[in-house]
Amino acid sequence: MNKRIELLKKDLFKNKREISIERALLYTESFKLTDGEPQIIRRAKATKNILDKAEISIRENEIIAGNRTVKPRSGIISPEMDPYWILDEIDTIHERSQDKFIFTEEDKTVYKDKLFPYWAGKSMKDSIVDVIDDEIKESVKEKIVNLNQTDKGQGHIIPGFEMILDNGLGSLIEKVSRRDSEKDFYKAAKITLEAARDHILRYANLADELLKNEKNNVRKDDLKRIAKVSKKIAVEKPESFLEALQLLWYICVILQHESNASSISLGRIDQYLYRFYESDIKSGVSKEELKEHLEAFYIKTNDVVMVRSSHSAKFFAGFPVGYTALLGGLTYEGRSSVNELSYLCLEAYKDIQLPQPNLGVRVNELEPRKFLMKTCEVIRMGTGIPQVFNDEVIIPSFLSRGVELEDARNYSVVGCVELSIPGKTYGLHDIAMLNILKIMEKVLLENKNHPNITFEKILEDIGVNIKKYVKLMAKGSNIVDEGHRVYAPVPLLSVTIDNCLESGLDITEGGAKYNFSGVQGIGMPNLSDSLYAIKKFVFDEKKYSFDELINVMEKNYDCPSGEEIKLRLINDDDKYGNDLEEVDKLSSDILRLYCKEVEKYTNPRGGIFIPGSYTVSAHIPLGEVVGATPDGRMSGEQLADGGLSPMFGRDKLGPTAVLKSVSKLDNYLLTNGSLLNVKLSPGPLQTEQGLENFVNYLYAFMKLKIQHIQFNVVGRDTLKEAQADPEKYENLVVRVAGYSAFFVELNEKIQNDIINRTEHIF
């Protein structure tokens, strides 16, 4: 890492995180002037007002400009989406256990006196809540269904960055101008595109202004370059690597202004940026200079943090904003796509070691072993980055959902692990979660005192309830979907997505080529462990009666026989993650039932529901609402992390046994994404042989047809020390779920979850 990059990284974290109300004020200012106009026009004008008036800055040492807030890592609020949680938490957000922000007293007053009164009763949250029926509300109240994205804009998407870089903003403005000028979508698109152009020119003008007083010759050159590059890419397509990176970042910031949403992801950066890299190399630009530009871009991705409610922060702890990118994989023609930039992207990450960008690597039969070696070199540094995705599973999975072959080969990832087709998909990934373990608890309690209870009856009732609650989840998700269509169109984002410009439809109206709704089923490992324990100890070995076991569960093991039963259940080795056929079959059958049920439903955009299984950090709060379970889990204790990961401490036969258990699931069904966490002891990986073993493990993962895997390579002792003395470990980055975060910024429950995960050696 050179001196400039070191300073940029240091400056990013020197201030505490604050709430900025600037966007909220500018958005509201515009809306007060546009009452009665079509919503898409109002949204476009509000975006323009923000882009025209928001304070901008070019920070010291920057070579890539653009920021959502003047102060680094400040969070913005969107009362137009949900003003209520902000008011409820306005005096506590600085002291809550997770994702704290400073909210100044002056800004609190403005919010209470001006912003909240305007938006109360006419936010997107209001429009959704008003339509949700009692049955859906009850499923949410039961903590079985959790509806997401009721308080935020359109994210979890990969804009058509390649198209933007290939054409430039000027060309896009021309294309929109040639369309039906009377259609609201095209009017709104033109307003926002021209505002985007003008916003970039504001940075060019600012650089020129700063030049007038700059004394340092090196910094003068920087500012001249920022001004020159910004003036060019405001209207023309980029030609150099730096120009491409700068336009890419400006678009990221601008889309964040349009819709304060997480996970406007980056897609396959080593593919669409490669021609710029190659051109610069051929023209004599050094690899070190290009690496500096890339690292400066990486650092910028850490500038955006999300402000979530305390409830939401439990599910997405650690500010995961979702600048996710994938490296490697296949070309459209089915060949390996690994190139020089793929390696440079990994090398650059070795220098910065920050939570963003959330890099991932695609693996397949054609991937060079050298590239996998480099991947493992970076993983063993311990930040949990990159994560790994398996082309051998994911491409066929997309084909089964009607995605064209060339598009399927071009898949990437949004957010954490959600799978998407760049520039072609609006997938509403992460729209809802289903707590499958809570369903089991409900079934067990309802069958208490059943005179003729059988194991088959329990399985049957679980199946019936999964079907019931999947239906309610889909119905609720569609209401949220409609809420976004009516209330929160995103014309600028839509212009970047295939088919929208041709059809004149916003993505929220079904304008994208592919329209999915992605939902998660959570709790499967605990469910299969619990069901097998019931089968073994109640029905096969008859050590306990069904009612006896349920009574112990209800008392949370706090009864004369409770401790003995709990220890028996915990210490029993027949658990998911140990390559045990009968246990793993239960997991597979339940997951398949859930997936096949999800597949039955369609959304208002003409697309289908697709299932996934990943938790983000939701295994903590979803576990808090489930009582004691027959796998030995205490009431309120976390669920298994990840989605497909075994419950911590139960996977006793090593990391290969874990892979074999997961391989027995029908991974092809999980088109919305799945997540497998594996924690490895760092010591053995530091040798060349250890690295070779690691690469071989990835080959096993690939051949076993598992969709996703990620790693924490950090010892328990290190994590315990960091927990006890956070100031010494403020830069320690760990893998939480499908994202990484600073360990000391996580609350104690999530820290303990990471500490307690089984530490494997191979």
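Show me the helices (runs of 4 or more DSSP H) entirely contained within region 244-306 in which 3 or more residues are in contact (Cβ under 8 Å) with a residue 40 or more places away in the chain and surrounded by fewer than 23 Cβ atoms within 10 Å (Cβ to Cβ).
Fully inside region 244-306 and qualifying: 274-282, 287-300.
Does any residue in region 207-236 that is in contact (Cβ under 8 Å) with a residue 40 or more places away in the chain come within less than 8 Å, Cβ to Cβ, of a residue that is acidic (Asp, Glu) and not in a helix (DSSP H, G or I) six or more places away or on a different chain, and which pairs are these?
As it stands, the answer is Asp222/Glu62; Leu223/Glu214; Ile226/Glu62, since those pairs meet every condition given.
Got at least one residue in region 364-375 being of a type outside the set (Val, Ile, Thr), touching a residue at least 12 places away in the same chain (Cβ under 8 Å) and within 19 Å of Ala741 (Cβ to Cβ)?
No, there is no match, as no residue in region 364-375 is of a type outside the set (Val, Ile, Thr), touching a residue at least 12 places away in the same chain (Cβ under 8 Å) and within 19 Å of Ala741 (Cβ to Cβ).
Among the residues of region 687-708, is any surrounded by 22 or more Cβ atoms within 10 Å (Cβ to Cβ) and in contact with a Pro (Cβ under 8 Å, 6 or more places away or on another chain)?
no
Can you report the number of residues in region 208-234 which are outside any helix (DSSP H, G or I) and surrounded by 15 or more Cβ atoms within 10 Å (Cβ to Cβ)?
Result for region 208-234: 2.
Report yes if some residue within region 63-72 is surrounded by fewer than 18 Cβ atoms within 10 Å (Cβ to Cβ), of a type in the set (Lys, Arg) and in contact with a strand residue (DSSP E or B) (Cβ under 9 Å, 6 or more places away or on another chain); otherwise report no.
yes
For Ile40, work out the one condition from (1) within 24 Å of Met306 (Cβ to Cβ); (2) of a type outside the set (Gly, Ala, Ser); (3) in contact with a Phe, Trp or Tyr (Cβ under 9 Å, 6 or more places away or on another chain) it doesn't fulfil.
Every condition holds for Ile40 apart from (1).
Do we find a residue being touching a residue at least 60 places away in the same chain (Cβ under 8 Å) and over 30 Å from Pro38 (Cβ atoms) anywhere in region 475-488?
no
Hey, can you tell me all the residues within region 497-510 that are part of a loop (DSSP other than H, G, I, E, B) and buried (at least 24 other Cβ atoms within 10 Å of the Cβ)?
Once the filter is applied, which keeps residues that are part of a loop (DSSP other than H, G, I, E, B) and buried (at least 24 other Cβ atoms within 10 Å of the Cβ), region 497-510 yields Ile497, Asp506.
Quick test of your reading of the structure: Ser310 fulfils all but one of (1) within 27 Å of Pro621 (Cα to Cα); (2) polar (S, T, N, Q); (3) without any contact (Cβ under 8 Å) to a residue 24 or more places away in the chain. Name the failing condition by number.
The one condition Ser310 does not meet is (3).
Please enumerate the residues belonging to region 655-666 that are surrounded by fewer than 24 Cβ atoms within 10 Å (Cβ to Cβ) and over 21 Å from Gly632 (Cβ atoms).
Those that are surrounded by fewer than 24 Cβ atoms within 10 Å (Cβ to Cβ) and over 21 Å from Gly632 (Cβ atoms): Pro655, Thr656, Leu659, Lys660, Ser663, Lys664, Asp666.
So in region 159-202, with the set limited to residues that are over 13 Å from Tyr250 (Cβ atoms) and touching a Phe, Trp or Tyr at 6+ places or on another chain (Cβ under 7 Å), which one is surrounded by the most Cβ atoms within 10 Å (Cβ to Cβ)?
This residue is Val176.
Name the residues in region 135-169 that are in a loop (DSSP other than H, G, I, E, B), on the phi < 0 side of the Ramachandran plot and at pLDDT below 95, would you?
Those that are in a loop (DSSP other than H, G, I, E, B), on the phi < 0 side of the Ramachandran plot and at pLDDT below 95: Asn148, Thr150, Asp151, Lys152, Gly153, Gln154, Gly155.
Scan region 672-684 and report the pairs whose first residue is of a type in the set (Val, Ile, Thr) and whose second residue is in a strand (DSSP E or B), with Cβ atoms within less than 9 Å and a gap of 6+ or a chain change.
Val678/Ile709; Val678/Gln710; Val678/Phe711; Val678/Asn712; Val678/His760
The conditions are (1) modelled with pLDDT under 95; (2) closer than 18 Å to Asp641 by Cβ, and Val713 fails exactly one of them. Which is it?
Here Val713 clears every test but (1).
Restricting to region 451-461, name every residue that is surrounded by 14 or more Cβ atoms within 10 Å (Cβ to Cβ) and farther than 11 Å from Ile534 by Cβ.
Asp461
With the checklist (1) within 24 Å of Gln256 (Cβ to Cβ); (2) surrounded by fewer than 22 Cβ atoms within 10 Å (Cβ to Cβ); (3) within 34 Å of the chain's Cα centre (by Cα) in hand, flag the one item Asn205 doesn't pass.
(3)
Might you check whether a residue that is more than 29 Å from Tyr250 (Cβ to Cβ), under 22 Å from the mean Cα position of the chain (by Cα) and assigned to a loop (DSSP other than H, G, I, E, B) occurs anywhere in region 465-478?
Scanning region 465-478, I find no residue that is more than 29 Å from Tyr250 (Cβ to Cβ), under 22 Å from the mean Cα position of the chain (by Cα) and assigned to a loop (DSSP other than H, G, I, E, B), so the answer is no.
Is there a residue in region 103-119 that is more than 30 Å from Lys3 (Cα to Cα), touching a helix residue (DSSP H, G or I) at 6+ places or on another chain (Cβ under 9 Å) and of a type in the set (Ser, Thr, Tyr)?
Checked region 103-119: at least one residue is more than 30 Å from Lys3 (Cα to Cα), touching a helix residue (DSSP H, G or I) at 6+ places or on another chain (Cβ under 9 Å) and of a type in the set (Ser, Thr, Tyr).
Which of (1) surrounded by 21 or more Cβ atoms within 10 Å (Cβ to Cβ); (2) over 22 Å from the mean Cα position of the chain (by Cα); (3) not hydroxyl-bearing (Ser, Thr, Tyr) is the odd one out, the single condition Gly121 does not satisfy?
Among (1) surrounded by 21 or more Cβ atoms within 10 Å (Cβ to Cβ); (2) over 22 Å from the mean Cα position of the chain (by Cα); (3) not hydroxyl-bearing (Ser, Thr, Tyr), Gly121 violates only (1).
The values are calculated or read from the model by the stated rules, or taken from the named source; none is laboratory data. None of the values given here were measured: they were computed from a predicted structure. All Cβ positions, glycine included, derive from the backbone under ideal geometry; neighbour counts span all protein chains shown.
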